[in-house]
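> A single structure is presented below for examination.
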Amino acid sequence: MDKGGRTAYILLIAGLVLVIVSVICFYFFGSERFAYTVVSYSIFGGGFGLLGDGIGRLNASRLEKKDPERMRLINIEKNDERNIAIDEKARAKAYTLSIYLFSAVLVILAIMRVELKALLIVLCADLTVMIYSLYIRLKLYKEM
Amino acid sequence: MCKGDAMKNRVEELRKERGIKQEELAMALEVSRQTIGSLENGRYNPSIQLAFKISKFFGLKIEDVFIYEEE
């Protein structure tokens with residue numbers, strides 16, 4: 001089995017295990033505490049995410065063996081420099097929008113007089129995004 | 001390159017001279033057909049790697065394919 005196929009099976013199995021564990025957790029401990037319900041739901045979501053990724057990779061791996069020409073076309077589309085440039089530009093625009101949105105949400109939450117804890121969580125998320133952007137910018141200044 | 005400056009190219013002209021379809025050129029350069037279309041229309045400027053690849057494909061120098069025009 002090739003590396004892609006092996007990774008796909010590992011992800012499939014890990015996803016299945018997580019889904020089963022989350023169902024068991026919810027069944028046995030879900031009603032005990034709210035936190036347990038949240039944890040089991042999160043594991044359930046993560047498990048299905050891995051499962052979906054595994055199925056996608058497995059399909060790609062099978063297609064590569066069955067129809068290498070089609071797979072080559074898919075890879076060309078995926079690695080096409082214009083598509084990558086468009087994707088990066090779209091992400092950059094979305095980041096700019098997110099900064100304005102975070103600010104608007106903070107103002108709205110403050111007007112609504114929500115609990116300070118909730119306000120600080122949103123503020124932390126906003127700052128994390130900005131600091132991460134700054135970190136990447138400084139990293140790229142050194143590398144490029 | 002400043003904002004007002006433009007880069008033109010002779011990709012469409014060279015491709016038609018050689019009787020090559022956009023799809024065929026795209027396949028040879030390992031890019032999508034849309035990229036070739038955008039290049040020919042001047043909507044997209046290629047990376048330096050792709051520019052070299054294109055020039056190599058046509059057997060020309062990079063400055064014979066891509067023309068830089070200052071404002």
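The values are calculated or read from the model by the stated rules, or taken from the named source; none is laboratory data. Bear in mind the structure is a predicted one, so any value in this text is a computation, not a measurement. As a convention, Cβ positions derive from the backbone with ideal geometry for all residues, glycine included, and neighbour counts pool all protein chains shown.
> Tell me whether segment A:116-137 contains one or more residues that are surrounded by fewer than 10 Cβ atoms within 10 Å (Cβ to Cβ), of a type in the set (Asp, Glu) and either in contact with a strand residue (DSSP E or B) (Cβ under 7 Å, 6 or more places away or on another chain) or modelled with pLDDT of 90 or more (or both).
no
> Right, something else. What are the pairs, 6+ residues apart or on separate chains, where a residue within segment A:52-72 that is charged (D, E, K, R) has its Cβ under 7 Å from a residue that is surrounded by 13 or more Cβ atoms within 10 Å (Cβ to Cβ)?
Pairs that qualify, where the first residue is charged (D, E, K, R) and the partner is surrounded by 13 or more Cβ atoms within 10 Å (Cβ to Cβ), are A:ASP53/A:LEU11; A:ARG57/A:GLY4; A:ARG57/A:THR7; A:ARG57/A:ALA8; A:ARG57/A:LEU11; A:GLU64/A:MET71; A:ARG70/A:LEU63.
> Would you please list the contacts, defined by Cβ atoms under 7 Å and residues six or more apart or on different chains, that run from a residue in segment B:36-51 that is more than 8 Å from every other protein chain (Cβ to nearest Cβ) to a residue that is hydrophobic (A, V, I, L, M, F, W, C)?
Between residues of segment B:36-51 that are more than 8 Å from every other protein chain (Cβ to nearest Cβ) and residues that are hydrophobic (A, V, I, L, M, F, W, C), the close pairs are B:ILE36/B:LEU25; B:ILE36/B:ALA26; B:LEU39/B:VAL11; B:GLU40/B:VAL11; B:ASN45/B:MET7; B:ALA51/B:ILE62; B:ALA51/B:PHE66.
> Moving on to the next point. Can you run down the residue pairs with Cβ atoms below 8 Å, 6 or more apart or on separate chains, where the first is in segment A:83-103 and more than 23 Å from A:LEU73 (Cα to Cα) and the partner is among the β-branched types (Val, Ile, Thr)?
A:TYR95/A:VAL129; A:SER98/A:VAL129; A:ILE99/A:VAL129; A:PHE102/A:VAL122; A:PHE102/A:VAL129
> A further question follows. At pLDDT 90 or above, on the phi < 0 side of the Ramachandran plot, in a helix (DSSP H, G or I) and within 14 Å of chain B (Cβ to nearest Cβ): is that true of A:ARG70 in this structure?
So A:ARG70 does not fit the description; no.
> Something else about it: Just a yes or no: is a residue in segment B:55-67 within 11 Å of chain A (Cβ to nearest Cβ), of a type in the set (D, E, K, R) and either without any contact (Cβ under 8 Å) to a residue 24 or more places away in the chain or under 23 Å from A:ARG72 (Cα atoms) (or both)?
At the first step, the residues of segment B:55-67 found to be within 11 Å of chain A (Cβ to nearest Cβ) are none.
Checked against the condition, which is being within 11 Å of chain A (Cβ to nearest Cβ), of a type in the set (D, E, K, R) and either without any contact (Cβ under 8 Å) to a residue 24 or more places away in the chain or under 23 Å from A:ARG72 (Cα atoms) (or both), segment B:55-67 yields no hits at all.
> Does B:TYR68 satisfy the criteria of being among the aromatic types (Phe, Trp, Tyr) and either touching a Pro at 6+ places or on another chain (Cβ under 6 Å) or under 16 Å from A:ASP80 (Cα atoms) (or both)? Walk me through how you get there before you give the answer.
On the way: among the aromatic types (Phe, Trp, Tyr): yes; either touching a Pro at 6+ places or on another chain (Cβ under 6 Å) or under 16 Å from A:ASP80 (Cα atoms) (or both): no.
Here the answer is no, as B:TYR68 does not meet what is asked.
> Determine which member of the set A:ILE43, A:ILE24, A:ILE76 is assigned to a helix (DSSP H, G or I), more than 30 Å from B:ILE36 (Cβ to Cβ) and more than 18 Å from the chain's Cα centre (by Cα). Show your work before the answer.
Numbers: A:ILE43 fails: more than 18 Å from the chain's Cα centre (by Cα); A:ILE76 fails: more than 30 Å from B:ILE36 (Cβ to Cβ).
Result: A:ILE24 is the single residue among A:ILE43, A:ILE24, A:ILE76 that is assigned to a helix (DSSP H, G or I), more than 30 Å from B:ILE36 (Cβ to Cβ) and more than 18 Å from the chain's Cα centre (by Cα).
> Consider segment A:46-73. How many of its residues are within 23 Å of the chain's Cα centre (by Cα) and not hydroxyl-bearing (Ser, Thr, Tyr)?
To start, the set of residues in segment A:46-73 that are within 23 Å of the chain's Cα centre (by Cα) comprises A:46-61.
Narrowing further to those that are not hydroxyl-bearing (Ser, Thr, Tyr): A:46-60.
Qualifying residue count for the region: 15.
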